[in-house]
Protein chains: 2
Amino acid sequence: MIQPNIPDSDLPRVVIVGGGFAGINLAKALKRAPVQVVLLDRNNYHLFQPLLYQVATAGLEPDSIAFPLRGIFKRQKNFIFRMAEVKNINREQSTLETNIGDIRYNYLVLATGSNTNFFGNKLIEEHAIGMKSLIEAVQIRNYVLKQFEESLLLKEEAEIRPKLNFVMVGGGPTGVELAGAFAELRKYILPKDYPELPLHLMDIYLIEAGPRVLAGMAEETSRKTLASLEHIGVKVLTNTAVKDYDGKNLLLSNGHVIETQSLLWSAGVKGMALAGLPEDALLPNGRVNVNDVNLVNGTGNIFAVGDIAQMLNDKRFPKGYPMVAQVAMQQGKQLGKNLQSSLKGGGMKPFKYTDLGSMATIGRNRAVAEFAGIRLSGYIAWVAWMIVHLLNLLGFRNKLVVLINWSYRYLTYDRGTRIIIKRGAANIVKLRQSVYQADPLTP
Amino acid sequence: MIQPNIPDSDLPRVVIVGGGFAGINLAKALKRAPVQVVLLDRNNYHLFQPLLYQVATAGLEPDSIAFPLRGIFKRQKNFIFRMAEVKNINREQSTLETNIGDIRYNYLVLATGSNTNFFGNKLIEEHAIGMKSLIEAVQIRNYVLKQFEESLLLKEEAEIRPKLNFVMVGGGPTGVELAGAFAELRKYILPKDYPELPLHLMDIYLIEAGPRVLAGMAEETSRKTLASLEHIGVKVLTNTAVKDYDGKNLLLSNGHVIETQSLLWSAGVKGMALAGLPEDALLPNGRVNVNDVNLVNGTGNIFAVGDIAQMLNDKRFPKGYPMVAQVAMQQGKQLGKNLQSSLKGGGMKPFKYTDLGSMATIGRNRAVAEFAGIRLSGYIAWVAWMIVHLLNLLGFRNKLVVLINWSYRYLTYDRGTRIIIKRGAANIVKLRQSVYQADPLTP
């Protein structure tokens, strides 16, 4: 019979749901605390989301941006990991209902992160492509490469165009980076791999509802980014919203229609709250109201950190902190310190966000970055972007593999991982004695 | 409308089915020949099968042993690739029926390779795990890692044992290498990743129907291999056949039963002949009878090379050449030369196999190798094994990534790629405008 089998302990148990930036930083911060740390995640790895777009565009292998959670904590004695899907919080009994059985907690920390937000548009949700998980990025890679293969099998321009047009929605860092990567594919890879392909039929769009791309950065940065994107051939449409999409025709707010079979949606994210929280803690955007020490409103021992938490203690951010890695890491660390202090009978210190800046890469030798009042662009920003991302990637092996891929790509103008992994008739699919019923044994 | 869209040419067209070792060596050998080379493969990459077992055991990322076929031939002017599944050969009209339409040929070359052979045992075929494709290797990795995760959720020894027992069937290089890799997982990875796991319940078996492992090599080599395997804790059973398997209980010919949920089958392969060949060319083992210049019996312009071809012109190999990479590479090259000679009005030279030796790795610092009358074992053979495999791997990027993984593993006793890639609720699955109908857009 399946049971969580978490060893009993006299120490208070802190259960963390989610092994993203917030969750692992919290678990690390509790390394020497007199608690039992239980981390739950539906996957067995920590995902470095900022580089997902490179997996989707055949620049990096999926394995190089994922790091096994057990590996991160193998030297942490008070740490226990279980691969589990949480279904419900039972606050009265202080237990979590999961697919591997009930798990008791003394302190519960939600670090469940965010998912793609289609703002209720069902038609778009059905046909557009989100990119928040590793498998989505691999599927995008497969899908994109198949679009190229299939374009070769068509004669009519009207049939080829929607296959070769790629539309990014959302002018934030993800949209900008994806659009840049597609422009690089078109310039450096496709002419060599597909000399027969009518590349003049291929358009790359970036659509932003607001007045400028990278709205979170300075106006000058937005202007430079726009100029860079246009220089490499991306068609940027600002002040333009997506009205409708049926998988083939994309209707814009200005009345224009773009024919495309590939709509990549990075126009918004929403929190992933769990069932069982107090009604008045839940927000329409899927986030959870927390006070300035990340305690969920209306609870005494449930915390939320990272994307899922909406904290309103900073005038600079009247709608809560941005849903980015930096906030998640800082909140995880801070909550770790606060829990330790509280266990010793001390108080908790309110969270204070230190904005370390932001950056986005546009393409080869092109990026923008802002930190400590300095604005960089071009080659220097691009190098800074790479260094920051390499340093933050977990694991020495991953760092090296990513560095090799980047060096190789830079020197050869090639992308190594453009393979289509198909499901095929693999016989192991039939093996099904898995606990994780909802999830068959297929990758 | 879908059509192959292969440009018309005045030159004779050589259609090669399969981008394995035989297919790509043939296509390369035709680089300067006055022919149009059309390569068809169901995947868009060449797979380096000898390292599949390392993907299955979390030692290498899948992308590092696959190389995009378009990349290999991007400088070959007379080369055209199409991702296609061949359904039938229409010999009267000299066309191939494929899922992307009919394709005309002047010369047809079958290089379709081999697949797992369960020798007609349906029950075993249903429950055992084969390993011939990249997706199978990834699925094995997912499956194996899940066995460990799930073992933690059980209390009864009787439930845990079948999850932790791994049985390899077939004492050839694949079985030996898999068994060795599992022994390394047990020794170096599992104690750190799963300190709670009752590893004393875990057994690794290698089962061989014949009297010795690595039967293709010298008796002394078999003895050394056996000793090495036993030293690292693999239970080797020779002269033992698999009688029956229901997914949980494995019945052996000696009457014993092993409880296991993981039966990895590498006890045999069979050719993958295509429909439409002359009846008398087809052999029960799925291979195709060819003469000494690889011409398929009963045809005038259809050739077969590599695993699929059974050629009986060498007394050392009364059942045909072994189904290994070396034969495939040599036959591909030779047929390329023969076709060129024949187009110039010359004759074809009979194929002669040059045995360059064989090798198998057992684990850290342990391998066996035989070539040019020399027998190596231990550390030297292990280094030789790595060098040979690295040199034969296609692509500079792949070589570097594999080298880094091996160095990392050697120095840290760690394996970097032990992540479980689940399918999950990825929304792109719904996108279905794929030509490749049989194969949804999932990896």
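The values are calculated or read from the model by the stated rules, or taken from the named source; none is laboratory data. All values derive from a computational prediction rather than experimental measurement. Please note: Cβ atoms are built from the backbone with ideal geometry, for glycine as well, and neighbour counts cover all protein chains shown. Protein only, heavy atoms only, side chains kept; ligands, DNA and RNA dropped before computing areas. Shrake-Rupley method; radii C 1.70, N 1.55, O 1.52, S 1.80 Å.
Which one is farthest from residue B:162 (Cα to Cα) among residues in the range B:195-224 that are open to solvent by 20 Å² or more (accessible area, probe 1.4 Å), in a helix (DSSP H, G or I) and touching a residue at least 24 places away in the same chain (Cβ under 8 Å)? Ranking the qualifying residues of the range B:195-224, first place goes to B:220.
Just one of the listed residues (A:292, A:307) is open to solvent by less than 30 Å² (accessible area, probe 1.4 Å), within 24 Å of residue A:112 (Cβ to Cβ) and of a type in the set (Asp, Glu), namely A:307.
So if I check each of A:65, A:80, A:129, which one is at the interface with chain B (Cβ under 9 Å from one of its Cβ atoms), closer than 30 Å to residue B:54 by Cβ and either touching a residue at least 60 places away in the same chain (Cβ under 8 Å) or open to solvent by less than 10 Å² (accessible area, probe 1.4 Å) (or both)?
Only one candidate qualifies: A:80.
When the range B:132-146 is limited to residues that are open to solvent by 10 Å² or more (accessible area, probe 1.4 Å) and not aliphatic (A, V, I, L, M), the one that is nearest to residue B:41 (Cα to Cα) turns out to be B:133.
Within the range B:145-161, the residues that satisfy the criterion of being in a helix (DSSP H, G or I) and facing chain A (nearest Cβ under 10 Å) are B:145, B:146, B:147, B:148, B:149, B:150, B:151, B:159. I'd like the full set of residues that are away from chain A (no Cβ under 14 Å), farther than 17 Å from residue B:106 by Cα and open to solvent by 10 Å² or more (accessible area, probe 1.4 Å), limited to the range B:32-54. Answer for the range B:32-54, where residues must be away from chain A (no Cβ under 14 Å), farther than 17 Å from residue B:106 by Cα and open to solvent by 10 Å² or more (accessible area, probe 1.4 Å): B:32, B:49, B:50, B:53. Exactly one residue out of B:136, B:156, B:125 is out of contact with any strand residue (DSSP E or B) (no Cβ under 9 Å at 6 or more places or on another chain) and among the acidic types (Asp, Glu), and it is B:156. Within the range B:83-97, the set of residues being open to solvent by 10 Å² or more (accessible area, probe 1.4 Å) and within 11 Å of chain A (Cβ to nearest Cβ) comprises B:85 only. Checking residue B:247 against (1) in contact (Cβ under 8 Å) with a residue 12 or more places away in the chain; (2) assigned to a loop (DSSP other than H, G, I, E, B); (3) in the same structural domain as residue B:21 (by TED's automatic domain parsing); (4) more than 26 Å from residue B:97 (Cα to Cα), which single condition isn't satisfied? Checking residue B:247 against (1) in contact (Cβ under 8 Å) with a residue 12 or more places away in the chain; (2) assigned to a loop (DSSP other than H, G, I, E, B); (3) in the same structural domain as residue B:21 (by TED's automatic domain parsing); (4) more than 26 Å from residue B:97 (Cα to Cα), the one that fails is (3). Listed by position, the helices (runs of 4 or more DSSP H) contained in the range B:317-415 that have at least 3 residues being without any contact (Cβ under 8 Å) to a residue 24 or more places away in the chain are B:379-392, B:396-412. Here residue A:280 meets each of (1) in a loop (DSSP other than H, G, I, E, B); (2) over 30 Å from residue A:137 (Cβ atoms) with one exception, condition (1).
Quick check, is residue B:283 within 29 Å of residue B:53 (Cα to Cα) and surrounded by fewer than 18 Cβ atoms within 10 Å (Cβ to Cβ)? So residue B:283 fits the description; yes. When the range B:108-126 is limited to residues that are open to solvent by 50 Å² or more (accessible area, probe 1.4 Å) and either in contact with a Lys or Arg (Cβ under 7 Å, 6 or more places away or on another chain) or in contact (Cβ under 8 Å) with a residue 60 or more places away in the chain (or both), the one that is nearest to residue B:190 (Cα to Cα) turns out to be B:126.
For every residue, the table says whether it meets (1) under 18 Å from residue B:60 (Cα atoms); (2) over 20 Å from the mean Cα position of the chain (by Cα); (3) among the hydroxyl-bearing types (Ser, Thr, Tyr).
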site	(1), (2), (3)
B:362	yes, no, no
B:367	no, no, no
B:371	no, yes, no
B:381	no, yes, no
B:391	yes, no, no
B:405	yes, yes, no
B:412	yes, yes, yes
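Of everything in the range B:117-126 that is within 12 Å of residue B:263 (Cβ to Cβ) and under 18 Å from the mean Cα position of the chain (by Cα), the residue that is nearest to the other protein chains (Cβ to nearest Cβ) is B:125. Of everything listed in (1) open to solvent by less than 10 Å² (accessible area, probe 1.4 Å); (2) within 13 Å of chain B (Cβ to nearest Cβ), the single unmet condition for residue A:14 is (2). On the basis of being modelled with pLDDT under 95, under 30 Å from residue A:366 (Cα atoms) and either touching a Gly at 6+ places or on another chain (Cβ under 7 Å) or buried (at least 20 other Cβ atoms within 10 Å of the Cβ) (or both), does residue A:269 make the cut? Criteria met by residue A:269.
Would you confirm whether or not the range A:187-203 contains a residue that is hydrophobic (A, V, I, L, M, F, W, C) and under 22 Å from the mean Cα position of the chain (by Cα)?
For the range A:187-203, residues hydrophobic (A, V, I, L, M, F, W, C) and under 22 Å from the mean Cα position of the chain (by Cα): absent.
Every test in (1) at pLDDT 95 or above; (2) buried (at least 22 other Cβ atoms within 10 Å of the Cβ); (3) of a type in the set (Gly, Ala, Ser) is passed by residue B:101 save one, and that test is (2). Only residues that are open to solvent by 40 Å² or more (accessible area, probe 1.4 Å) and more than 11 Å from every other protein chain (Cβ to nearest Cβ) were counted across the range A:387-421, and they come to 6.
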